[in-house]
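What follows draws every value from the coordinates through simple rules; no lab data is involved. Quick caveat: nothing in here was measured; it's all calculated off a predicted structure.
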Amino acid sequence: PPSYSHIYKLRTVPQSNSKGTWFGWDIQKIGPVGDKGMYDAAKMFSQGVSKNTVKVSHEQEEKRKTAF
């Protein structure tokens, strides 16, 4: 099935070897998308990416202030 037909949990995990350390991916498939509206939106987005009609806007993230 297409990747947009399922929900995934993505997180980064620290990894290392003799050459250094880095963060890799831990990807877990949760299950199929149960909401038809969400499925349709994901399908349209995937088709837009395939047709190169999705435009990406690279904006600088706003820095958050943390109060302790």
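Here are some notes:
- Compared with the dominant Cα axis of the chain, that is its longest principal axis, helix 36-50 is turned about 80°.
- Segment TYR8-TRP22, length gained on full extension (0.36 nm per residue, minus Cα span): 2.8 nm
- Normalised contact order of the chain, rounded percent, pairs of Cα under 8 Å and 6 or more residues apart: 28 percent
- For the chain, alpha-carbon Rg and Dmax in angstrom: 17.4, 47
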